[in-house]
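Step one of this worksheet: look at the structure below.
The values are calculated or read from the model by the stated rules, or taken from the named source; none is laboratory data. Just so you know, these numbers come straight off a predicted model, no measurement behind them. Note: ideal-geometry Cβ built from the backbone for every residue, glycine included; neighbour counts use all protein chains shown.
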């Protein structure tokens, strides 16, 4: 009962005598549970000797594996009595930010660098701004997300919190998922792939001409032309190298994404491993205009003015906005270059399956979101 570990704590199986409200009490652990056994005796030197004898008896029984789990053996008929049931001390529940940090580290090797850098950091920032991070106040967390984020962003964040807590349950960190039954409805067509608002051919050509004549942003002219005439995603165009260009097709194999270390080149595309795009005279002309006499196969086709990866986010916020303003064209995201290409293909009655293979999307997506999107180019048929 007097043995101590180097840290000053009682060793396993030892019994400690403590003063509780002026009465002597025996405290010890057995089977992962803490016990408190009251002697009912005042704290005096004589009574302490009696308590020490009882403590020694319990220690020996634990040591020789004959401990009476009912505690009846250790209750003197005259004095000793059990004052508290055997109740394990519960650990405090971990909070949401603690769980998210552990979940993020678990997921990091399994997801792309861009997903971790953008999405997981974004959700961590949302969690940092919450009015509470207690799992007991999950409803307040959901209400805050709805009040401070767009419905789509709130839904995505809640979905990740559910996944985090499901993982935490599997790891034994928490007993239940307070977000499991929660749902947030979002309006249809809220994501960028479905936000179809293409440019007309006149607007497209004006944008390209204005880039070409602009003293600050003319460097990006061929990049913008390429986006308009292939419908590829910006990340795919930025990752293109001369080795990916053949006489008949453009081989999309890599893409540039945002990571914790900045822009990086990764194998594969957003929704598929690879894709071939058949070139026509317009696309060949774009590539011929910028192809060096001795092109290094590993060299990027489209670069920033300093020869590095194009930061499309920076391009959109500066060059794209400036040129659209200069053209007096209502602002639309640069991603609409992709929607413009697909919409023109649809208006030309090209099979949606073929368009999907060229652009890396599904025929269903094209039929649902690109059919007759540019109404200014359409006229009702003559019915007489």
**Item:** Residue in segment 133-140 that is assigned to a loop (DSSP other than H, G, I, E, B) and either loosely packed, with under 13 Cβ neighbours inside 10 Å or assigned by TED's automatic domain parsing to the domain that holds residue 361 (or both) present
**Value:** no
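What helices (runs of 4 or more DSSP H) completely inside segment 296-360 contain at least 1 residues that are surrounded by fewer than 16 Cβ atoms within 10 Å (Cβ to Cβ) and in the same structural domain as residue 216 (by TED's automatic domain parsing)? Quick ask: steps written out before the conclusion?
Details: elements: 312-315, 321-327, 336-347, 352-359.
Filter on segment 296-360 gives 312-315, 321-327, 352-359.
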**Prompt:** Going by the conditions given, is residue 366 surrounded by 14 or more Cβ atoms within 10 Å (Cβ to Cβ), assigned to a helix (DSSP H, G or I), in contact (Cβ under 8 Å) with a residue 12 or more places away in the chain and in the same structural domain as residue 251 (by TED's automatic domain parsing)?
**Reply:** yes
**Asked** Across segment 209-223, which residue is nearest to residue 238 (Cα to Cα) among those that are part of a helix (DSSP H, G or I) and touching a residue at least 12 places away in the same chain (Cβ under 8 Å)?
**Response** 223
**Request:** List every residue pair whose Cβ atoms lie under 8 Å apart, where the two residues are 6 or more positions apart in sequence or sit on different chains, the first residue falls within segment 299-319 and is touching a residue at least 60 places away in the same chain (Cβ under 8 Å), and the second residue, located anywhere, is exposed (fewer than 14 other Cβ atoms within 10 Å of the Cβ).
**Result:** 319/216
**Complete:** Only one of 154, 128, 147, 163 is closer than 25 Å to residue 185 by Cβ, surrounded by fewer than 15 Cβ atoms within 10 Å (Cβ to Cβ) and in contact (Cβ under 8 Å) with a residue 24 or more places away in the chain, namely 163
**Request:** Give segment 80-110 a look and list any residue that's modelled with pLDDT under 85 and either touching a helix residue (DSSP H, G or I) at 6+ places or on another chain (Cβ under 8 Å) or not in a loop (DSSP other than H, G, I, E, B) (or both), or say none.
**Result:** 80, 81, 82, 93
**Prompt:** Tally time: how many residues in segment 20-72 are modelled with pLDDT under 85, in contact with a strand residue (DSSP E or B) (Cβ under 9 Å, 6 or more places away or on another chain) and in a loop (DSSP other than H, G, I, E, B)?
**Reply:** 4
**Asked** Conditions: (1) at pLDDT 85 or above; (2) in a loop (DSSP other than H, G, I, E, B). Residue 17 meets all but one. Number of the miss?
**Response** (2)
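Has segment 284-293 got any residue that is part of a loop (DSSP other than H, G, I, E, B), surrounded by 10 or more Cβ atoms within 10 Å (Cβ to Cβ) and within 32 Å of the chain's Cα centre (by Cα)? Give the steps one after another, and end with the answer.
Filtering segment 284-293 for residues part of a loop (DSSP other than H, G, I, E, B) gives 291-293.
Retained after the next criterion (residues that are surrounded by 10 or more Cβ atoms within 10 Å (Cβ to Cβ)): 291.
Filter once more, so that each one left must be within 32 Å of the chain's Cα centre (by Cα): none.
There is no residue in segment 284-293 that is part of a loop (DSSP other than H, G, I, E, B), surrounded by 10 or more Cβ atoms within 10 Å (Cβ to Cβ) and within 32 Å of the chain's Cα centre (by Cα).
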